[in-house]
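Quick note: the coordinates plus some simple rules give every number you see, no bench work behind them. Since the structure is predicted, the reported quantities are computational estimates derived from the model, not experimental observations. So basically every Cβ, Gly included, is an ideal-geometry build from the backbone, and we count neighbours across all protein chains shown.
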Ligand SMILES: [Fe+2]
């Protein structure tokens with residue numbers, strides 16, 4: 001935000017600048033020496049939120065300057081700053097009494113009043129801007145983008161909206177205007193999961209994001225493992241939204257290929273999950289973090305079992321990206337089975353989505369070229385050795401060794417996500433899994449999982 005201060009005592013500018021800088025870090029103060037210069041600046045620069053006028057101006061009438069500002073910029077808070085004698089003799093009373101927002105600030109300053117008055121002005125502007133930004137849009141024209149996508153950028157070439165009601169939206173990010181990461185985390189803290197974009201903009205932004213991720217992953221030999229893992233998580237975040245809204249395209253194929261190849265290269269630098277876990281940037285435990293973590297568990301098991309052929313890597317790599325990709329409410333990714341008590345907390349529609357997500361993701365996998373049997377593996381990721389999983393209630397003798405390894409990896413990841421990644425829980429989680437899965441084709445991958453984790 002910017003404030004414009006008309007003050008003809010240049011010697012005081014630094015004092016004021018420091019004063020504002022120490023109490024209002026996000027407010028930039030622009031100074032000018034007389035009223036004409038102020039009018040010129042209002043006409044040429046981006047909008048000012050707040051105005052300050054020195055009441056003791058020597059050659060001009062501060063009230064007249066205020067009136068000119070109101071005529072040009074519309075109603076904005078104007079604060080008259082000066083000694084009591086100047087305020088009472090030179091400021092038109094009407095400007096204060098008839099205005100909801102104009103204020104006086106008497107010198108010498110009491111810091112408390114200074115902060116209170118400036119803050120009230122800024123709050124008024126924020127509220128006003130917010131109210132002005134509210135528009136009615138048919139929700140059909142928009143698509144929800146996960147809030148975390150916005151951390152990928154500091155400016156986007158499209159407007160983004162916050163949903164207020166079914167039909168009312170507030171523009172919260174303006175096209176090409178810089179925003180700070182703190183604005184996005186404020187939304188997250190308030191429980192906002194999505195910002196909305198017009199459909200075309202949504203797709204362009206996803207594609208643009210995917211291009212950026214590809215660019216970084218293609219340089220995988222030059223990047224550090226930590227950057228690569230973080231990039232994989234961002235890439236999967238985009239891939240999940242893309243597959244839900246667009247489907248499988250050449251671009252998505254390319255992104256998945258790079259994501260899978262990166263897993264192999266990064267894992268080689270750690271050698272064991274025990275060491276990789278320390279660096280893994282768990283943050284939200286959402287579907288994208290879980291997918292990437294599952295991919296590493298699979299890679300670790302494949303290497304440990306001596307099964308790490310290109311075909312196996314591609315198979316489990318793609319399965320890791322896709323298995324929970326069709327869940328639109330990512331909280332569902334922390335549900336383990338149809339008899340999970342937490343499932344009842346979701347809407348009927350979401351419960352149905354959970355029941356169908358393995359089949360839907362398997363269906364998507366069939367559109368990828370150059371991968372074999374990924375659809376079976378995905379469709380089976382909620383099966384359990386004793387036939388009490390879903391959807392097909394298969395027992396361990398009906399599951400291939402690759403499927404068993406994949407089921408173990410997803411089971412471990414989901415439990416880790418549910419425990420918010422606390423490493424002290426690793427042994428507890430592993431023991432629980434061992435009790436459930438130490439059967440048939442699960443035995444070998446289970447041993448391998450144990451060796452790589454501890
Ligand atoms: Fe799942």
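A convex hull fitted to the Cα coordinates of the chain yields 178 cubic angstrom per residue.
Just report the Cα centroid separation between the range 396-413 and the range 176-229, whole Å. Going from one Cα centre to the other spans 32 Å. Using C-alpha pairs below 8 Å separated by at least 6 residues, the relative contact order for the range 210-258 is 46 percent.
On a 0 to 90° scale, report how tilted helix 225-245 is relative to the longest principal axis of the chain, with both axes built from alpha carbons and the result rounded to the nearest 10. Orientation of helix 225-245: about 90 degrees from the principal axis. With viscosity 0.692 mPa s and temperature 37 °C, the Kirkwood radius over alpha carbon pairs of the range 68-190 converts through Stokes-Einstein to a diffusion coefficient of 187 µm²/s. Under 8 Å for C-alpha pairs, at least 6 residues apart: give me the relative contact order for the chain, rounded to a whole percent. Dividing the mean separation by the residue count of the chain yields 9 percent.
Look at 44, 288 and count the other Cβ atoms within 10 Å of each Cβ; fewest to most, that gives 44, 288. One way to sum up the overall shape of the range 137-195 is the equivalent ellipsoid from its Cα gyration tensor, whose semi-axes run 18, 14, 9 Å, largest first. Relative to the longest principal axis of the Cα atoms of the chain, the long axis of helix 199-218 lies at roughly 60 degrees. Relative to the longest principal axis of the Cα atoms of the chain, the long axis of helix 35-44 makes an angle of roughly 30 degrees.
From the alpha carbon centroid of the range 85-106 to that of the range 23-72 is 15 Å. Derived value for the range 111-270: Kirkwood hydrodynamic radius 17.7 Å. Basis is the mean of 1/r over every pair of different alpha-carbon atoms. The convex hull of the Cα atoms of the range 316-454, projected and averaged over all directions, covers 8.2 nm². Sorting 409-418, 154-163 by their mean Cβ neighbour count within 10 Å, with the most densely packed peptide first, gives 409-418, 154-163. A protection proxy built from the mean count of other Cβ atoms within 10 Å ranks the segments 203-216, 86-99, most packed first, as 203-216, 86-99. Over the range 389-454, the reciprocal of the mean inverse Cα-Cα separation, the Kirkwood hydrodynamic radius, stands at 12.2 Å. Mean separation of Cα pairs under 8 Å and 6 or more residues apart, divided by the residue count, gives the range 2-132 a relative contact order of 22 percent.
Using only alpha carbons, the range 18-89 has a radius of gyration to Kirkwood radius ratio (Rg to Rh) of 0.96. In terms of overall dimensions, the C-alpha atoms belonging to the range 2-132 reach 37, 31, 29 Å along their principal axes, ordered largest to smallest.
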